[in-house]
Every structure is written in C-alpha cells, then in structure tokens.
Amino acid sequence: MTEATLKTTKANAGASDDSDGMDYLVTRRSRFVTVYLPLILIMFVLLFPFYWMGTTSLKPNSELLDMNNHNPLWVSSPTLQHFNKLVFETEYPAWMWNTMLVAVVATFLSIVASVMAAYAIVRIRYRGAQTVGGLIFLAYLVPPSILFIPLSTVIFEYGLFDSPLALILSYPTILIPFSTWLLMGYFKTIPFELEECALMDGASRLQILLKIVLPLSVPGLISAGIFSFTLCWNEFIYALTFISTSANKTVPVAVLSELVDGDVYHWGSLMAGALLGSLPVAIIYSFFVEHYVSSMTGAVKE
C-alpha cells in the first residue's frame, strides 16, 4: 500500500469518526427537543395547579390580599390556619365521608353490573351481541347535563332527594356504559380455550366467571374501578341537584357552596379543601397507574 493510499484511508476514517460524533450530538439535541422539552412542558402544565393550590392554602390572609408587596408564587410566612379552619370550623370531615361513601358504593355496584354485562356480550353467543355492546357504549356519550332533569324527577318521586342514596343509585347510569366497554375489550384478550376446558369439566358459567375470568382480569377491574371512583369523586351536576343539606353534600359541591359568603371567597380554605379533596384520587392513581394504562391499552386495541 502506498503512502498516498494510507493518507487517504486515514482521512476517510477521521471524517467518519467526526461524522459519527456529530450524529451523536444531533441525536441528543433532537431527543431533547422532541422528548424532554415536551415532557417538561406537560409536567409544568399538569403540576402547576397543585403548586398553586398548595401555596395559596399555606399563605396567611395578609399575603393573599396584598399581592403588590408579596410574591404570588411564593409563601413568605406559611401557616396552617386555613387547614385548621377547614377541618375544625366547617363540616369538611362529613363532606369527605359522604364523598368516600358514595364513590365506594357506586363504584362497587357499577363494577358488578359491568362485569356481568361485559361477560354476557363477549362470551355468550347470541344474535345482536355486538349491537348491544355498541348501544351500551353510546349511552356513555349522553351528557349528564341532559339526564339530570329526568333523573331528579325520579329521585324526588321515590323519596330519595337529599340523601346519599340518590347519588349512589344515579351514578351507575354514567359509570356502567364505559366500564362495560372497557371490560369487553379486556375479556376478549383472555383465551377462550380456558373456558372451554372448564365447560368440559362440568363448570357452570358463574363458576367460570368467578374462578377463571375474574382472576385473570384484575388489571381490567382495577382500571374500571379507578375510572368509576374518579368520576364519582369529582362529579358535580348530580351532587348539586340532588343534595341540598350541608351535612349531606360531597366535597366538590360543598367546597364551592359552603366556603363562599356572598361575594367573599375564602381562597385559603377553598384551596385547602381542593387540595385535600384531590389527594385520595392521586394516591390511588400512584399505586395502580401501571394496571390502569395496560388495561386501557388492551381495551383500545379491541
């Protein structure tokens, strides 16, 4: 090999190394622009309301009312007076208990009904099964702002007005359709051969559902339960229409109606109530987020 050839080879190798190094830098820059920067913006948008609630609930009234001399984004003299007022001077513990009771019972009833409906549509062969599934999902698309007027008449006629039972029985009307559709998609991912083997061994449909399908559907059940619980916890229209007594109200309605005196908004207590009210749902999501995402993905695929 001549000396000129060696120089050419080294030059090409050096150019290739420089090119690879530049490609690495370009890849890092593009990844920052396409991945990390959007994630930072999304996290800021999602977390800033919680930061604002936290800082507002910890500010004394002097800082809340004097925005010119105090930084609105920071707490100079943190205090717990708003939390103390909320817990000990209002009926907030009763509101929290009402919300928890209604959400848990309504979620349980909705999941039981959705499991039976989804299994019947997916596994039991009969004419029009898919049509029934589509109609159930279409029922979810009907907005609650249309349903609360006829439902309020039914609730009043049955003597359930101003009681937690009114919410417990009305919430499943908006929970069951979506939960049924979600569980239908998850049940389809379970091999049908397992049920055929159980049928050959003499198992009934109820035994198959309880001992085979449900244990394999735990992520789907968790996902439907989280969705139902969250919707019950944050629901506003039905709770505002069906409940009038302060002691029977739920957190979303009570915080807005009971912590406002005419045109005076107690912002510290309002933000403290909103922050405490959002903690149970946030805790549930933090524990079961992986099951929730996996089940939603399976349902969408179907």
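Please indicate, with yes or no, whether at least one residue in the range 150-164 is open to solvent by less than 30 Å² (accessible area, probe 1.4 Å), farther than 22 Å from Leu240 by Cα, over 23 Å from the mean Cα position of the chain (by Cα) and assigned by TED's automatic domain parsing to the domain that holds Phe227.
The answer is no, given that none of the residues of the range 150-164 is open to solvent by less than 30 Å² (accessible area, probe 1.4 Å), farther than 22 Å from Leu240 by Cα, over 23 Å from the mean Cα position of the chain (by Cα) and assigned by TED's automatic domain parsing to the domain that holds Phe227.
Confirm whether Ala224 is in the same structural domain as Ile284 (by TED's automatic domain parsing), outside any helix (DSSP H, G or I) and modelled with pLDDT under 90.
Here the answer is no, as Ala224 does not meet what is asked.
So, in the range 192-205, how many residues would count as being touching a residue at least 24 places away in the same chain (Cβ under 8 Å) and either at positive phi or open to solvent by 20 Å² or more (accessible area, probe 1.4 Å) (or both)?
From the range 192-205, those touching a residue at least 24 places away in the same chain (Cβ under 8 Å) are 192, 195, 205; that's our starting set.
Keeping just the survivors that are either at positive phi or open to solvent by 20 Å² or more (accessible area, probe 1.4 Å) (or both) gives 192, 205.
Number of matching residues: 2.
Can you go through Ala113, Ala139 and tell me which one is of a type outside the set (Phe, Trp, Tyr), assigned to a helix (DSSP H, G or I) and either open to solvent by less than 40 Å² (accessible area, probe 1.4 Å) or without any contact (Cβ under 8 Å) to a residue 12 or more places away in the chain (or both)? Outline the logic, then answer.
Working: Ala139 fails: either open to solvent by less than 40 Å² (accessible area, probe 1.4 Å) or without any contact (Cβ under 8 Å) to a residue 12 or more places away in the chain (or both).
After applying the criteria, what remains is Ala113.
Quick check on the range 261-283: of everything there that is of a type in the set (Val, Ile, Thr) and open to solvent by 50 Å² or more (accessible area, probe 1.4 Å), which residue is modelled with the lowest pLDDT? Please lay out each step first, then the result.
In the first step, residues of the range 261-283 are kept if they are of a type in the set (Val, Ile, Thr); the result is 264, 281, 283.
Next, from what is left, pick out any that are open to solvent by 50 Å² or more (accessible area, probe 1.4 Å): 264, 283.
Numbers: Val264: 75, Ile283: 82.
Across the range 261-283, the extreme among qualifying residues is Val264.
In the range 50-94, how many are basic (Lys, Arg) and open to solvent by 50 Å² or more (accessible area, probe 1.4 Å)? Outline the logic, then answer.
Filtering the range 50-94 for residues basic (Lys, Arg) gives 59, 85.
Checking the rest, the ones that are also open to solvent by 50 Å² or more (accessible area, probe 1.4 Å) come to 85.
Count: 1.
Looking at Ala4, is it farther than 27 Å from Asn84 by Cα, at pLDDT below 75, hydrophobic (A, V, I, L, M, F, W, C) and surrounded by 10 or more Cβ atoms within 10 Å (Cβ to Cβ)?
no
Among the residues of the range 207-260, write down those that are more than 15 Å from Gly277 (Cβ to Cβ), within 19 Å of the chain's Cα centre (by Cα) and open to solvent by 20 Å² or more (accessible area, probe 1.4 Å).
Result: Val218, Pro219, Leu221, Ile222, Phe227, Ile237.
Please enumerate the residues belonging to the range 247-282 that are among the polar types (S, T, N, Q) and in contact (Cβ under 8 Å) with a residue 60 or more places away in the chain.
Within the range 247-282, Asn248, Thr250, Ser269, Ser278 qualify.
Looking only at the range 116-133, count every residue that is open to solvent by less than 20 Å² (accessible area, probe 1.4 Å) and not in a helix (DSSP H, G or I) and tell me the total.
Qualifying residue count, the range 116-133: 0.
Would it be correct to say that Thr189 is outside any helix (DSSP H, G or I), in contact (Cβ under 8 Å) with a residue 60 or more places away in the chain and among the polar types (S, T, N, Q)?
Yes, satisfied.
The values are calculated or read from the model by the stated rules, or taken from the named source; none is laboratory data. Values in this document were obtained by computation on a predicted structure and should not be read as measured data. Glycine gets a Cβ as well: all are built from the backbone with ideal geometry, and neighbour counts include every protein chain shown. For the accessible areas, the whole protein counts, side chains as well, though only heavy atoms, and no ligand, DNA or RNA atoms are used. Shrake-Rupley method; radii C 1.70, N 1.55, O 1.52, S 1.80 Å.
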